[in-house]
Amino acid sequence: MKYKRCLHCGAVNYYQDEVCRRCEGDIRLDKKRAISTSLAFLLSAIFFYIPANLFPILNTSKFAQTQGSTIIGGVIELWKEGDYPVAIIIFLASVLIPIIKFFVLFYLLYAVYKGSCESGKVKLYHIMEIMGPWSLIDVFVVMVLVGLIHFNSVSVIPGVGATSFALMVLFTILSAKALDPRLIGEECE
Ligand SMILES: [Zn+2]
């Protein structure tokens, strides 16, 4: 007998059921819809990654002079000033981690699409689990950064880059959410 889990309440149901026996939620497995929705969100996230890095993430005003700084520009400046740990953390959180997330999502989408069993179901599940709680670390880092600069009595206004960055993070989360984890290794028996 085959079973499947309800994503709403966690109850275990018979595989052929379409409605959850406990919460009456929709428990159908729709591989096509999950893949296309997830892919659409992922491509949107990648699209916003470009302005997030090209445009100023922060506009700092000091003595009536406004200066915009991009993520990379900020990292380079911090590095020059000798703030190596901060520069490294910002680089990791806002440049490298988003790219790693894109690759992981593409890999997961491909694995679900192929329905391959050799790729290791357990490994994929672990990747999904790690991705979840850490998905907001980059936003957190940017928030702390803004807070730190505010401390130095300089006015800081988020730039176009910050909006794009937030949208990129949002679409990455939506892409991961749209990818039903039950579909991983679905066709393996
Ligand atoms: Zn349920």
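The values are calculated or read from the model by the stated rules, or taken from the named source; none is laboratory data. Keep in mind that this is a model prediction, so the values were computed, not measured. Backbone-built Cβ (ideal geometry, glycine too); neighbour counts: all protein chains shown.
Observations
- Scope the range 136-169; condition within 30 Å of residue 35 (Cβ to Cβ), buried (at least 17 other Cβ atoms within 10 Å of the Cβ) and either at pLDDT 80 or above or among the hydroxyl-bearing types (Ser, Thr, Tyr) (or both); matching residues: 164, 165, 167, 168, 169
- Those residues of the range 86-106 which are more than 14 Å from residue 46 (Cβ to Cβ) and touching a residue at least 60 places away in the same chain (Cβ under 8 Å), in sequence order: 94
- Test: residue in the range 92-110 that is modelled with pLDDT under 85 and more than 19 Å from the chain's Cα centre (by Cα): no
- Hits in the range 1-42 - residues which are away from the ligand (no atom under 12 Å from the Cβ), part of a loop (DSSP other than H, G, I, E, B) and of a type in the set (A, V, I, L, M, F, W, C): 1, 29
- Going through (1) small (Gly, Ala, Ser); (2) within 23 Å of the chain's Cα centre (by Cα); (3) not in a helix (DSSP H, G or I) one by one, residue 73 falls short only on (3).
- Residue match in the range 114-129 (condition: at pLDDT below 70 and under 26 Å from residue 88 (Cβ atoms)): yes
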